[in-house]
Amino acid sequence: MSKILITGGAGFIGSHVVRLFVNKYPSYQIFNLDKLTYAGNLENLKDIEEKPNYNFLKGDITDQKYINSIFKKFQFDAVLHLAAESHVDRSIASPMEFIHTNVIGTVNLLNAAKGFWGANTEGKLFYHISTDEVYGSLDQGGYFTETTSYDPQSPYSASKASSDHMVRAYHNTYKIPVVVSNCSNNYGPNQFPEKLIPLCIHNIKQRKPLPIYGKGENVRDWLYVIDHAKAIDIIFHKGKIGETYNIGGFNEWSNLDLVKLLCQIMDKKLGRQEGESAQLINFVKDRAGHDLRYAIDAQKIMKELGWEPSLQFEEGLEKTVDWYMNNESWLEHVTSGSYQQYYEEQYKA
Ligand code: NAD
Ligand code: DAU
């Protein structure tokens, strides 16, 4: 029976990965380790919390003693590492938290794997989940491939790049079996409403302004979160040790076009007149050092491992909007308290 440690499993992507693994692999024991920061929410996992192969551990990856103690106690065979500080705007306001969690936290996990697995790494795996932002910013043309040089531009992406380098260094130096994947922008149920899509869904519902940074020309490559979780499953089981896999949706949208599409979808769902919600669009001060464009070339994982995105963007956005409309209490819980303070600080004129 495999014992798998999933870090950050109460967050957005992590909760979808935990659910997929718990339901699909009843013979695995899944240990979800999460600090439950503002972004971690056990409500995301209500439907699986009673399953016999699911275990929750509340803890902090920056605490080496604690990490060592759980490795000793549970003897993990594999780690799927998703815990991170994940929001670029917060990294601009408080970079140090990103260094602690994303860099030191990752190295703590690597140290524990190195210490407890030792030379006996048969059947072991450290899978590090990373982002396309480590590659920097593209102009209008071209794609990020697995061999694109790292050129991170924000404190968030620099901290993720640093953690990716440490993972590869531990593989090269100490022979820890690792695999890394770098994914584009995810969207879907359970995403914290500090990120563009859920923030706009929340604001459209409340008829609040939709803050678009700069002119809204920045481009992102969007992927439905469950397609990312499925890619993680495939890489975990079929990926080659020491390799990197890029994951993306071949689905580029400028922020302005995306928000307009979201407004159209929500006008219909809310019974508003066509064009009504788009009047809420509000151009605000640009993000400092705002990366212009991300676009992933995902051919390697498609050709070598047989993964492909399953949903068209419009369909995925509709599902996402439906989820937020049907889960008002989730949204209410996560937007009470410190969210209001964050929002006022981030979007003050
Ligand atoms: P998220 O912010 O929604 O969730 C992060 C989770 O990590 C939360 O549950 C939080 O409580 C937990 N966490 C934070 N600090 C911790 C600590 N010190 N110890 C233990 N747990 C801690 O993030 P997400 O959007 O789900 O991203 C998950 C991972 O995927 C991250 O590593 C991120 O860099 C990567 N990623 C995200 C995207 C995206 O579009 N969201 C795309 C590519 C890669
Ligand atoms: O590319 C993968 C990355 O995608 C992940 O590694 C990050 O964890 C994740 O947060 C995401 O980063 P982005 O900065 O691209 O996502 P965000 O939703 O914050 O912003 C998407 C785009 O929308 C970006 O160009 C900034 C813009 N934006 C964002 C917000 C919150 C706005 O115009 N207004 C906003 O209020």
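The values are calculated or read from the model by the stated rules, or taken from the named source; none is laboratory data. Being a predicted model, the structure only gives us computed values, none of them experimental. Here Cβ is always computed from backbone atoms with ideal geometry, including for glycine, and neighbour counts include all displayed protein chains. Just so you know, the surface numbers come from the protein's heavy atoms only, side chains and all, with ligands and any DNA or RNA stripped out. Shrake-Rupley method; radii C 1.70, N 1.55, O 1.52, S 1.80 Å.
Observations, loosely collected:
- Enumeration of residues in the stretch 213-243 that are part of a strand (DSSP E or B), within 15 Å of ligand 1 (Cβ to nearest atom) and of a type outside the set (A, V, I, L, M, F, W, C): Arg220, Asp221, Tyr224
- Residue match in the stretch 178-197 (condition: out of contact with any Lys or Arg (no Cβ under 8 Å at 6 or more places or on another chain), more than 8 Å from ligand 2 (Cβ to nearest atom), of a type outside the set (Gly, Ala, Ser) and over 26 Å from Ser130 (Cβ atoms)): no
- Qualifying position, being open to solvent by 50 Å² or more (accessible area, probe 1.4 Å), free of Cβ contacts under 8 Å to residues at least 24 places away in the same chain and in contact with a helix residue (DSSP H, G or I) (Cβ under 6 Å, 6 or more places away or on another chain), among Glu328, Glu344, Glu276, Glu332: Glu276
- Residue count for the stretch 63-86 under the criterion of being more than 25 Å from Phe21 (Cα to Cα) and either touching a residue at least 12 places away in the same chain (Cβ under 8 Å) or small (Gly, Ala, Ser) (or both): the result is 2.
- Test result for Ser310, within 16 Å of ligand 1 (Cβ to nearest atom), of a type outside the set (D, E, K, R) and exposed (fewer than 12 other Cβ atoms within 10 Å of the Cβ): no
- Within the stretch 114-150, being within 14 Å of ligand 2 (Cβ to nearest atom) and open to solvent by 60 Å² or more (accessible area, probe 1.4 Å) holds for one residue alone: Tyr143.
- Residue count, the stretch 70-86 (criterion: part of a loop (DSSP other than H, G, I, E, B) and open to solvent by less than 10 Å² (accessible area, probe 1.4 Å)): 1
- Only one of Lys35, Lys72, Lys24, Lys46 that is away from ligand 2 (no atom under 16 Å from the Cβ), more than 22 Å from Ala229 (Cβ to Cβ) and among the charged types (D, E, K, R): Lys72
Yes or no, residue by residue, for (1) over 23 Å from Asn326 (Cβ atoms); (2) within 16 Å of ligand 1 (Cβ to nearest atom); (3) open to solvent by 30 Å² or more (accessible area, probe 1.4 Å):
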| position | (1), (2), (3) |
| --- | --- |
| Pro211 | yes, no, no |
| Tyr245 | yes, yes, no |
| Ser254 | yes, no, no |
| Asp257 | yes, no, yes |
| Lys269 | no, no, yes |
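- Filter result for Ile30 (surrounded by 22 or more Cβ atoms within 10 Å (Cβ to Cβ), away from ligand 1 (no atom under 13 Å from the Cβ) and not aromatic (Phe, Trp, Tyr)): yes
- Long-range neighbours under 8 Å by Cβ, at least six apart or interchain, first residue closer than 17 Å to Phe21 by Cβ within the stretch 42-62, second of a type in the set (Ser, Thr, Tyr) and open to solvent by less than 50 Å² (accessible area, probe 1.4 Å): Asn44/Ser15; Leu45/Ser15; Leu45/Tyr54; Ile48/Tyr54; Asn53/Tyr25; Asn53/Tyr28
- Hits in the stretch 193-210 (condition: in a loop (DSSP other than H, G, I, E, B), over 20 Å from Trp253 (Cα atoms) and not polar (S, T, N, Q)): Arg207, Lys208, Pro209
- Where a residue in the stretch 153-182 is open to solvent by 10 Å² or more (accessible area, probe 1.4 Å) and its partner, wherever it lies, is assigned to a strand (DSSP E or B) and among the hydroxyl-bearing types (Ser, Thr, Tyr), with Cβ under 7 Å and at least six apart: Lys160/Ser130; Lys160/Thr131
- Criterion violated by Ile67 - all others in (1) part of a helix (DSSP H, G or I); (2) under 24 Å from His228 (Cβ atoms) satisfied: (2)
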